[in-house]
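Student: Please find one structure pasted underneath; my questions will follow.
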Amino acid sequence: DAALGRARSLGATFADFRIMQTETESLFVREQMVQGGSAATSLGCAVRVVCDGAWGFAASEDLSEEGVARLAAEAILIARAQAGWRKRRVEIEPLPKHVGRFDQPAEIDPFAMPLEKKVETLLGITAAAQKSGANFCQASLEQVRERTWIANTFGSRIAQSRVRLQPGFAVTVTDAKTGRFATREGSVPPRAAGWEHVTSLPLAGDAARAVEEAREKLVAPSVEPGRKDLVIAPSNLWLTIHETVGHPTELDRALGDEANFAGTSFCTPDKLDQLRYASDIVSFRGERTEPGGVATTAFDDDGVPTAGREFFIVENGVFRSYQMALGQAGRIGREASNACGYAESFDAFPLQRMPNISLEPGRDPAVTKESLIADIDDGILVEGNGSWSIDQQRYNFQFTGQVFHRIKNGKLAGMLRDVAYQGNSVDFWNACDGLGGRPSRELYGALHCGKGQPQQAAPVSHGAVPARFRGINVLNTAEQAGGKTAGCEGCRGVVRRWA
């Protein structure tokens, strides 16, 4: 009341007040050694206003009544200081009043788990890898809890609590005679869940299998480049969805208001309802309601409810909608946000951020990865995400992976290495002619999707099914790098924070 009342008295046409507490823990082990760990917490508040047609924002760790009133005055000053140079007035669509609470389900609080238990779990993963013959192995665990309270001048009062976590590992095998090595990273998805997510995963068994795959990859033949048919597993395809569909359809990026982390977007507003983004069997849906999705919540950080705001970004191949935050929809003739506002911490301004974005399964539930493979004479099965590159319009791209199996006459015929696939976002998705059914759907994602200046990280999940693509350009990365295959493997094994 102190913050919102002060903002109104100074001329704000809209204001919101947010208290946010964020807790993080990270733990890293290598072989049978604990490499390190970290834990941090932050608690503070922020006032955001619209005054004289401009945004103002101020944040502080001071939660006193006098402190938040002072924040409101600072936010008003910042908004008014923009009057001389802003290009357009900020217009906020009216929101209904919402009073509610959301506590994201978690059976076992990961922050209550003893450190010794977490270390034991990670060392169990690396022990299984070493027992199977790994020369090097590492494992990690990251967990986050957010508690947020939001109030605004529309009368909303919202309390939310969210927790998410992700274990991970990577194994390396070497050939002492040749000096070559191969790495296999685990394809372990993040979840909005408690410690039960970790115990539900066969991590030690997966690590042992990863060693066998790395060993096979070490002696696999290098791929022959050229046009090939691909079957891409969800463990790889989620990142391609993220980069070629997720980021290009952020409205602020498409309007030129956002250009950090690979530029603006080819997907400009004149393409709405016009662009044939993909083949007609392909649809992408955005939402913040899927159980377990790391972007899932009941309200976004603009105070917009997420239930009922699910939307198709691409429907039957046609580009239908952008991701939008508060105050953006009117710029493209739409009525309201689709609940895509998010702030990483109390002192971060809420931006339009990616919701859970998923590839819809094919209509036939009987279609599997194996049946997609059966219809390929000469191609490659791609599993696990690797390195990636995309241009400043989110259009031309190149992706690698973790494991590549040659497909010959409808069957797997051994492993390949040094594989990357290349194309552009539109041609690639229009080359899709087969999708797995709903039983083949898997949910992957990233805890840290980078955007903004100052940089903010946001969690996002991506559901996907195995998908078949015809005539995709395949590169040999060893040839592209002048034959330095071991060096490429080493670079690709580096953990990437930003997606």
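Student: Which chymotrypsin sites (Phe, Trp or Tyr not before Pro) in the range 67-138 pass both tests, a DSSP loop state and at most 15 other beta-carbon atoms within 10 Å? Present the calculation step by step, with values, prior to reporting the outcome.
Tutor: Details: sites: Trp85, Phe102, Phe111, Phe136; in loops: Trp85.
Listed in order of number, the matching sites are Trp85.
Student: Show me, bin by bin at 5 Å from 0, the whole-percent P(r) of the range 291-434 based on Cα pairs.
Tutor: Final binned percentages: 2, 8, 12, 15, 16, 16, 13, 9, 6, 4, 1, 0.
Student: Could you pull out the pairs from Lys228/Lys411; Lys118/Lys451; Lys131/Lys217 whose alpha carbons sit more than 26 Å apart here? Spell out each step's value before the answer.
Tutor: Details: Lys228/Lys411 15 Å; Lys118/Lys451 31 Å; Lys131/Lys217 19 Å.
Pairs exceeding the cut-off: Lys118/Lys451.
Student: Here is a further query. Name the residue from Pro202, Thr126, Ala214 whose Cα lies farthest towards the positive end of the charge dipole of the chain, charges +1 on Cβ of Lys and Arg and -1 on Cβ of Asp and Glu.
Tutor: Ala214
Student: Could you work out how much longer the chain between Arg180 and Asp273 gets when fully extended? Use 0.36 nm per residue separation minus the Cα distance between them, nm to one decimal.
Tutor: Working: separation 93, 0.36 × 93 = 33.48 nm, distance 5.03 nm.
Computed gain between Arg180 and Asp273 is 28.5 nm.
Student: How high is the FRET efficiency between Trp149 and Gln32 when r is their beta carbon distance and R₀ equals 25 Å, given to the nearest 0.05? Present the calculation step by step, with values, prior to reporting the outcome.
Tutor: Values: r = 43 Å, r/R0 = 1.73.
About 0.05, to the nearest 0.05.
Student: List every residue whose amide H lies under 5 Å from the amide H of Arg353, counting only residues 5 or more places away in sequence or on a different chain, with H placed 1.01 Å from N in the peptide plane.
Tutor: Gly341, Tyr342
Student: Also: Counting Lys +1, Arg +1, Asp -1, Glu -1, what net charge surrounds Ser38 among other residues with beta carbon under 12 Å of its beta carbon? Mind dumping the intermediate values first?
Tutor: Details: positive: none; negative: Glu23, Glu25, Glu142.
Once positives and negatives cancel, what remains is -3.
Student: Would you work out which of Val163, Pro365, Gly37 lies farthest towards the positive end of the dipole of the chain, given +1 charges on the beta-carbon of Lys and Arg and -1 on that of Asp and Glu, about the Cα centre?
Tutor: Positive-most Cα among the choices belongs to Pro365.
Student: For Kirkwood radius over Cα pairs in Å, the choices are (i) 23.0; (ii) 23.9; (iii) 25.0; which was calculated from the structure?
Tutor: Of the labelled values, this structure produces (ii).
Student: Over all distinct alpha-carbon pairs, what is the Kirkwood Rh of the range 32-186 in angstrom?
Tutor: Details: mean 1/r = 0.0487 Å⁻¹.
For the range 32-186, the Kirkwood estimate is 20.5 Å.
Student: Turning to a different aspect of this structure: About the Cα centre of the range 321-435, how large is the charge dipole given +1 on each Lys and Arg Cβ and -1 on each Asp and Glu Cβ? Please answer in debye to the nearest 20.
Tutor: Working: 10 positive and 14 negative charges, 21 e Å.
Taking the Cα centre of the range 321-435 as origin, the dipole is about 100 debye.
Student: Label points 7 Å out from Cα along the Cβ direction at Glu74 and Glu120: separation in nm?
Tutor: Distance between label points: 4.6 nm.
Student: What's the long-distance tail for the range 381-434, i.e. % of Cα pairs beyond 14 Å? Show your work: numbers first, answer last.
Tutor: Working: 868 of 1431 pairs.
So the portion of pairs separated by more than 14 Å is 61 percent.
Student: Report the residues of the range 353-369 in range of a label on Arg438: point 7 Å along Cα→C-beta, backbone N strictly under 19 Å from it.
Tutor: 357-369
Student: Based on DSSP loop calls and a cut-off of at most 13 other Cβ atoms within 10 Å, the longest stretch of the chain free of exposed GluC sites (Glu not before Pro) is what?
Tutor: Values: sites that count: Glu61, Glu107, Glu335.
The longest such stretch corresponds to 108-334.
Student: Give me the percent of the accessible area of the range 122-195 that comes from carbon and sulfur atoms, probe 1.4 Å, all protein chains in place.
Tutor: Numbers: 1230 of 2460 Å².
Solvent-exposed carbon and sulfur of the range 122-195 make up 50 percent of the total.
Student: Regarding the range 147-303, what is the average projected area of its C-alpha convex hull, in nm²? Don't skip to the end; give the middle numbers.
Tutor: On the way: hull surface 59.8 nm².
Quarter of the Cα hull surface area: 15.0 nm².
Student: Then there is this: Which one, Pro225, Ala329, Ile241, is farthest towards the positive end of the dipole of the range 224-363 when Lys and Arg carry +1 and Asp and Glu -1 on their Cβ?
Tutor: Ranked along the dipole, the leading option is Pro225.
Student: Average the reciprocal distances over every distinct pair of alpha-carbons in the range 104-206, invert the result, and give the Kirkwood radius in Å.
Tutor: Working: mean 1/r = 0.0630 Å⁻¹.
Every distinct Cα pair counted, the radius reaches 15.9 Å.
Student: What angle do you read, to the nearest 10 degrees and between 0 and 90, between the alpha-carbon axis of helix 203-219 and the longest principal axis of the chain?
Tutor: 50 degrees
Student: Report in % the part of the accessible area of the range 1-115 that belongs to carbon and sulfur, leaving out ligands and nucleic acids; probe 1.4 Å.
Tutor: Numbers: 3410 of 6350 Å².
Taking all protein chains in place, the range 1-115 shows 54 percent carbon and sulfur surface.
Student: Using a 1.4 angstrom probe on heavy atoms only, work out the carbon and sulfur share of the accessible area of the range 298-440 in %. Intermediate values should be presented prior to the final figure.
Tutor: On the way: 2330 of 5040 Å².
Carbon with sulfur: 46 percent of the solvent-accessible area.
Student: How much net charge surrounds Ala139 when only other residues with a Cβ under 12 Å from its Cβ are counted (Lys, Arg +1; Asp, Glu -1)? Show your work: numbers first, answer last.
Tutor: Details: positive: Arg30, Lys118; negative: Glu31, Glu120, Glu142, Glu185, Asp206.
For residues surrounding Ala139, the net value is -3.
Student: Further question: With label points built 7 Å along Cα→Cβ from the Cα atoms of Gln82 and Lys97, find their separation and express it in nm.
Tutor: That separation, rounded to one decimal, is 2.8 nm.
Student: For the range 369-380, take each phi angle, set θ = phi - 60°, evaluate the Karplus expression 6.51 cos²θ - 1.76 cosθ + 1.60, and give the result in whole Hz per residue in order, putting x for glycine and proline.
Tutor: 4, 5, 6, 5, 5, 4, 9, 10, 7, 9, x, 9
Student: Then there is this: Quick one: accessible area per residue over the chain, 1.4 Å probe, rounded to a whole number of Å²?
Tutor: Working: 19970 Å² over 499 residues.
Result: 40 Å² of accessible area for each residue.
Student: Which loop-located trypsin sites (Lys or Arg not before Pro) does the range 357-429 contain, where loop means any DSSP state but H, G, I, E or B and the Cβ has at most 16 other Cβ atoms within 10 Å?
Tutor: On the way: sites: Arg363, Lys369, Arg394, Arg406, Lys408, Lys411, Arg417; in loops: Arg363, Arg394.
Those that pass, being in a loop and sparsely packed, are Arg363.
Student: Now a separate question. Measure off 7 Å from each Cα along the Cα-to-Cβ vector at Thr41 and Gln422, then give the distance between these two points in nanometres to one decimal.
Tutor: 5.1 nm
The values are calculated or read from the model by the stated rules, or taken from the named source; none is laboratory data. Given the structure is predicted, the values throughout are model-derived calculations rather than measurements. Because the Cβ atoms are built from the backbone with ideal geometry, glycine has one as well, and the counts that use them run over all protein chains shown. Accessible surface is based on the protein model in full, side chains and every heavy atom, while ligands, DNA and RNA are left aside. Shrake-Rupley method; radii C 1.70, N 1.55, O 1.52, S 1.80 Å.
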